[in-house]
Amino acid sequence: MTLAPTFAATMDRIAGGFWPLGLAVSGGGDSMALLHLAAEWAGPSRRKLHVVTVDHGLRDGSADEAVMVRRQAAALGLTHDTLVWRRETMGNLQDAARSARRGLIAAWAARLGVDAVLLGHTRDDQAETVLMRMARGSGVDGLAGMAEVGRAQGIAWLRPLLTRGRAELRDWLTKRGLDWAEDPGNENSAFDRVRARRMAGTLADLGLSAARLELLSAHMARARDVLNDAMRDLAGQAVRQDGPDLVLDRAALLAARPETRMRLLAAGLRWISGNPYRPRFAALQGMVDTLDNGTLHGVLLRRQRGSVRLMREPRAVRDTVSRTDDAWDGRWCLSGPHDAALTVRSLADRAYAGGRWPVGTLAASPAIWRGETLVAAPLQEPGGLWSARLADGRDDFHRWLRSH
Ligand SMILES: Nc1ncnc2c1ncn2[C@@H]1O[C@H](COP(=O)(O)OP(=O)(O)OP(=O)(O)O)[C@@H](O)[C@H]1O
């Protein structure tokens, strides 16, 4: 099928529930094609498409590209904003630029009431991602590549061009006499992605084309879904949430397949720690084979008779301080009489044994402090003026697991 109708069908399938929509357009060929295709698809509703360009200021011409995008967006009747990023961090420049860009765009979307932003990743980007992940020894999840619909930083990121080729998009623009900018960064071989792009060219000569790599990622995405279903079934049978902790039936877990067990443990560690990434494979494997006492990813594992309890590691939250009306450790909400002089910190060594909760759970639980004076310890001594509950979205492990 030709480009515009397939694009429209994809958009109807993935973007239907979102309106207005954001469009991240760098000025390169992929995202300029995205701009024109999206405007065509939206028709008279195009006023609800908002375009954004991040000017990284990393090289001459980046401001000109933003101006070019603005001009073309205006000609299509779309609003356009330029966000300027000033580099503050050292280290991997492309990674820093990408995460700054995503953060700026997400904040921009929140300001406009936009819940979903379109990105112009193509099949070639997907193929390069898969190759880079192969080179890093990724498993099924990594080889599934980028998702057509993903959630991060509080919004949805949609990639409606993931099955289309870069050359096809440029042809489409050329035929319509539309302009785009070539990113000089694409020729800089210091970047992993650029090296992957070159490697992809060589492999295509051997038959390992972008289309084949995209097929691989689609197979892997299906395998991942099956494995995640198995993990959720196992969680239903073998995991009980106890307040902020998880209690795992050790025998049931050890009887499950290692991959299912490993996924479940990784999910439990992420739910408790709030870390969006899973631990490294080697560290996880060591722990999952024995399900013994240990610490990983800011979480303690403690064996208790036939089970293993997962709880937040007290040391990991020792230095976490927040105001009483912010979520503490990203997962606890406190309520009580407001007083600007109070702060939330962990109960730490003021936790004592003998109550409803293990000392470890209490030590990593939130407490209200005035300087060094303990004002309230809601988990250890409930029923006082202060109470603590798990934040929405992090309060029910099994529900959380269904959406992660
Ligand atoms: N400066 C920018 N301003 C607005 N959107 C951008 C900008 N750069 C990239 N994008 C958006 O991100 C999409 C992908 O860009 P790019 O291939 O450079 O990848 P990336 O975001 O760095 O991520 P990855 O390296 O994982 O592919 C573009 O098609 C566009 O939608």
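What the Cβ-Cβ distance of Arg71 and Asp249 gives, at R0 = 45 Å and to the nearest 0.05, is a FRET efficiency of 0.15. Hey, for a label at Asp171 modelled as a point 7 Å past Cα toward Cβ, could you say which residues of the stretch 31-47 have their backbone N under 17 Å away? Residues 33-34 fall inside that zone.
Remark: the stretch 167-178, residue by residue, has Karplus-estimated 3J(HN,Hα) of 5, 4, 5, 5, 4, 4, 5, 4, 4, 9, x, 9 Hz, where x stands for each Gly or Pro and the curve is 6.51 cos²θ - 1.76 cosθ + 1.60 at θ = phi - 60°.
The label point for Thr290 and the one for Arg195, both projected 7 Å from the Cα toward the Cβ, are 3.6 nm apart. Mark the label point 7 Å from the Cα of His338 along Cα→Cβ and return the residues of the stretch 109-144 whose backbone N is within less than 13 Å of it. Those under the cut-off are none; the list is empty. DSSP assigns beta bridges within the chain; of those with both partners inside it, close to 70 percent run antiparallel. At an R0 of 56 angstrom, the distance between the Cβ atoms of Glu381 and Glu259 translates into a FRET efficiency of 0.85. Placing dummy labels 7 Å off each Cα toward the beta-carbon, the span from Asn275 to Arg350 is 2.8 nm.
Mean residue ellipticity, 222 nm, helices only, the chain: the sum of -39500 (n - 2.57) across DSSP H runs of n ≥ 4, divided by residue count and rounded to 500, is -13500 deg cm²/dmol. For Gly77, the shell of other residues with beta-carbons less than 14 Å away shows a net charge of +4, using +1 for Lys and Arg and -1 for Asp and Glu.
Checking the a/c ratio against 1.5 first, then a/b against b/c, what shape does the Cα gyration tensor give for the stretch 78-153? It comes out oblate by the Cα gyration axes.
Note on the chain: GNM, Cα springs under 10 Å; of Leu269, Leu93, Leu104, the largest mean-square fluctuation is that of Leu93. Near Ala156, the amide H atoms lying under 5 Å from its own belong to Ala116, Val117; only residues 5 or more places off or on other chains count, and H is placed 1.01 Å from N.
Each residue, Asp95 and Asp179, gets one label point 7 Å from its Cα in the Cβ direction; the gap between the two is 3.6 nm. Karplus-based coupling profile of the stretch 122-134, in residue order and whole Hz: 10, 4, 5, 4, 4, 4, 5, 4, 4, 4, 5, 6, 4, with θ = phi - 60° in 6.51 cos²θ - 1.76 cosθ + 1.60 and x standing for Gly or Pro. Each of Val114, Ala144, Leu401 was placed along the dipole of the chain (beta-carbon charges, centred on the mean Cα), and the one lying farthest toward the positive end is Leu401. Taken as Cα centroids, the stretch 199-249 and the stretch 41-80 sit 35 Å apart, rounded to the nearest whole angstrom. Here the gap between Arg318 and Gln237, fully extended at 0.36 nm per residue and compared with their Cα-Cα distance, gives a gain of 25.8 nm.
Each reported figure results from applying straightforward, stated rules to the coordinates on display, with no laboratory input. All values reported here derive from a predicted model rather than from experimental measurement. Counting neighbours? That spans all protein chains shown, and the Cβs are built from the backbone with ideal geometry, glycine included.
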